[in-house]
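Remarks on the structure that follows.
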């Protein structure tokens, strides 16, 4: 995959609500096929950056470019179907079965029934869920980890080149979380998608990222590959590094 | 005259008025649903309309039912003596619970689910029909259930303006000071309300998505 091509670009982007800035002057190039992790405390503007990419939000200043086209020039519906989206707890539709959840976007896109069926089965297998056992279940009949797997399968359904993930593993117990992080890391490398991943867990960031961007009050204060990241002198980087120190009580 | 002998002597008449009563309620409910559900759907997206519509429906609900029937009689087109006026009054009463529950149900859908729907590229219309509406169906149905039970009761007053129904026995019984005649109207009305409540309650539980 060409790692030099730019999939997403923020050009001097600011976003505010009622003149209260949430994101300030962010410029960032995300290469095609990379996994960029947006790291930061709650309220640092990570999720807002994510939502600016698929035009759930529109910048108050500057512009976001996806595949060479400014988001405001994209048809919002087309843009979003071109981008997979995973949120905490999966955000699954509780009235749909697992299969209905996964096939939503391909169905909206008018894929043929047999092709949709095949796609759902192969995605469930990819996420280590046996279609025969899980396809007909409702989300409430799944564990948290299984729901999250279905959430990822749903996001991948129409084979979008870009995947946005908003703390997808945040609500899971530590053991399940570590399992899914490991599997997902391997999967991400294999699929070659451009992934923008939001988390407040520095361990997760270092594990999954090709680059980590650290956000403080809506600004990117550090941007580096995982092995370089902790060497940065910025106090917020050091605060996150301190959170990594093993301490009685286990994971953060 | 005991209740049973009156009941036995007037079987056919009681059955006819029960059917008449049922028809009044059914027609009024269909109209109230056709107005209330779409209006409730419109309120989700229109903040300005919300307070006004719920407020007006609330005010109508506070008018004593006998007075409302009276008020409607002199109004042209919808007024007069008879069924049409009665149905208009019943619709007015049934509207609030349906409108309110439709709005509350649609507005109460888990924001995370709506966010996912939007992020996946569903249009507003698809989100409404395929996500919001199915997920709030049981709440909407609860409103319809409340409205139906209210309407069965209020419809007994329709007899006062010549619309017939089980209220005819109740008004006649009051005039004759006969409990037997009153009960001939009141018992079937109560049974109708109970069965509507049970049937719609069952449907409501069936449609519930947790």
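The values are calculated or read from the model by the stated rules, or taken from the named source; none is laboratory data. Predicted, not measured: the structure shown is a model, and the values here were computed from it. For neighbour counting, all protein chains shown are included, and Cβ atoms are generated from backbone atoms with ideal geometry for every residue, glycine included.
Some observations on this one:
- Residue match in segment A:91-98 (condition: within 30 Å of residue A:200 (Cβ to Cβ), more than 9 Å from chain B (Cβ to nearest Cβ) and free of Cβ contacts under 8 Å to residues at least 40 places away in the same chain): no
- Taking the criterion of being in a helix (DSSP H, G or I), more than 17 Å from residue A:119 (Cβ to Cβ) and either in contact with a strand residue (DSSP E or B) (Cβ under 9 Å, 6 or more places away or on another chain) or touching a residue at least 60 places away in the same chain (Cβ under 8 Å) (or both), the residues of segment A:131-176 that qualify are A:148, A:174.
- Of all residues in segment A:167-179, one or more are within 14 Å of another protein chain (Cβ to nearest Cβ) and buried (at least 23 other Cβ atoms within 10 Å of the Cβ).
- From the options B:60, B:69, B:6, residue that is closer than 29 Å to residue B:102 by Cα and crowded, with 18+ Cβ neighbours inside 10 Å: B:69
- Search result, residues across segment B:165-192 that are under 18 Å from the mean Cα position of the chain (by Cα) and crowded, with 19+ Cβ neighbours inside 10 Å: B:165, B:166, B:167, B:188, B:189, B:192
Residue-wise test of (1) modelled with pLDDT of 95 or more; (2) touching a helix residue (DSSP H, G or I) at 6+ places or on another chain (Cβ under 8 Å).
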position	(1), (2)
A:1	no, no
A:4	no, no
A:17	no, no
A:41	no, no
A:55	yes, yes
A:82	no, no
A:86	no, yes
A:98	yes, yes
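- Checking the stated criteria, residue B:160 turns out not to satisfy the condition of being assigned to a helix (DSSP H, G or I), surrounded by 21 or more Cβ atoms within 10 Å (Cβ to Cβ) and in contact (Cβ under 8 Å) with a residue 40 or more places away in the chain.
- Residue list for segment A:17-32, filter: in contact (Cβ under 8 Å) with a residue 40 or more places away in the chain and closer than 16 Å to residue A:5 by Cα: A:28, A:30, A:31, A:32
- Subset of segment B:125-143 (residues that are more than 10 Å from every other protein chain (Cβ to nearest Cβ) and closer than 26 Å to residue A:164 by Cα): B:125, B:127, B:128, B:129, B:132
- Residues that are touching a helix residue (DSSP H, G or I) at 6+ places or on another chain (Cβ under 9 Å), within 10 Å of chain A (Cβ to nearest Cβ) and assigned to a helix (DSSP H, G or I), drawn from segment B:101-114: B:113, B:114
- With respect to the conditions (1) away from chain B (no Cβ under 14 Å); (2) surrounded by fewer than 17 Cβ atoms within 10 Å (Cβ to Cβ), residue A:67 falls short on a single one, namely (2).
- Filter result for residue A:76 (out of contact with any strand residue (DSSP E or B) (no Cβ under 7 Å at 6 or more places or on another chain), within 20 Å of residue B:126 (Cβ to Cβ) and away from chain B (no Cβ under 14 Å)): no
- Some residue of segment A:108-128 being within 14 Å of another protein chain (Cβ to nearest Cβ), in a helix (DSSP H, G or I) and closer than 26 Å to residue B:124 by Cα: yes
- When each of B:24, B:49 is tested for being surrounded by fewer than 16 Cβ atoms within 10 Å (Cβ to Cβ) and either in contact with a helix residue (DSSP H, G or I) (Cβ under 8 Å, 6 or more places away or on another chain) or touching a residue at least 40 places away in the same chain (Cβ under 8 Å) (or both), the lone residue that passes is B:49.
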